[in-house]
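What follows draws every value from the coordinates through simple rules; no lab data is involved. Computed from a predicted model, the values in this text were never measured in an experiment. As a convention, Cβ positions derive from the backbone with ideal geometry for all residues, glycine included, and neighbour counts pool all protein chains shown.
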Amino acid sequence: MRIAFKLLVFFLFILKTSLSLGQVSDTTFQKVNTENGLDLSYKPNSEDGTPLGFITSSDNIPKYPGGFKALAKFIRKNLEYPKTAIEDDIEGRVLSTFIVDKNGNVTNVRIAKGVRSDLDSTCIKTLYRLPQWLPGTNNLGEKISFQFQLAVFFKLKGSSQKK
């Protein structure tokens with residue numbers, strides 16, 4: 001018997017200031033306007049995968065096929081609540097990071113802050129299943145990789161737990 005659950009997917013952002021055209025910011029992550037209520041954050045990486053440490057408003061972030069609604073739908077459809085977590089009544093938020101490389105592939109999926117190994121590994125497996133994205137480019141039109149941050153909330157249906 002499969003227990004139904006609610007899965008809320010939220011994209012986190014850290015940047016508190018907005019950028020106007022041509023400005024450079026020395027912040028960690030930049031918020032993306034997804035136009036559908038989700039929050040997504042990113043930062044560009046250098047050729048060797050290290051963060052550049054700056055963002056220009058003329059950088060073009062990678063695009064998920066079908067947009068951010070399709071991304072949230074893919075995660076909801078493909079993320080399965082682990083049976084062990086259901087049995088133990090475990091809920092919580094898993095904060096993950098991943099890179100969309102200059103070819104549009106999802107790589108380097110990591111857990112920044114986990115809940116428990118079964119929930120964490122479920123997030124990792126699901127993110128590695130993401131299809132290829134349209135690559136991001138810098139202000140010169142060169143393809144570059146970007147790091148994203150994603151939080152996934154696991155909540156059992158009918159639960160009143162707050163984690």
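Quick notes on this one:
- Using 0.36 nm per residue and subtracting the Cα-Cα separation, the extra length available between Thr107 and Leu134 on full extension is 8.3 nm.
- Estimated FRET transfer efficiency when R0 is 22 angstrom, pair Lys63-Lys125 (beta carbons, to 0.05): 0.45
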